[in-house]
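Quick notes on the structure that follows.
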Amino acid sequence: MYDLPHHKAKNEQDIINFIDQHPFAFLTGCDADNKPVVTQLPVFIEEKEGRKI
């Protein structure tokens, strides 16, 4: 994956806001027949002992 600076958020709150607005990620891969498969995964941010997990 390209790591281009113009695609990076400038601060942590921007990232948290984006995840709150778009709480799903895609996991992609191939099955045994080499056909593409995809599923959605929920993304949650929790704070525990002062740390975001």
- Query: Quick one: is residue 17 of a type outside the set (Phe, Trp, Tyr) and exposed (fewer than 10 other Cβ atoms within 10 Å of the Cβ)?
  - Reply: no
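When residues of the range 27-53 are filtered for being touching a strand residue (DSSP E or B) at 6+ places or on another chain (Cβ under 9 Å) and either modelled with pLDDT of 95 or more or surrounded by 10 or more Cβ atoms within 10 Å (Cβ to Cβ) (or both), how many remain? Quick ask: steps written out before the conclusion?
The first filter runs over the range 27-53 and keeps only residues touching a strand residue (DSSP E or B) at 6+ places or on another chain (Cβ under 9 Å), leaving 27-31, 36-43, 45-46, 53.
Pick out the ones that are also either modelled with pLDDT of 95 or more or surrounded by 10 or more Cβ atoms within 10 Å (Cβ to Cβ) (or both) and you get 27-31, 36-43, 45.
Qualifying residue count, the range 27-53: 14.
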- Note on the structure: Residues in the range 1-44 that are acidic (Asp, Glu) and part of a loop (DSSP other than H, G, I, E, B) total 3
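The values are calculated or read from the model by the stated rules, or taken from the named source; none is laboratory data. As the structure is a computational prediction, the values presented were derived from the model and not from experiment. A quick note on method: Cβ atoms are made from the backbone with ideal geometry, for glycine too, and the neighbour counts reach across all protein chains shown.
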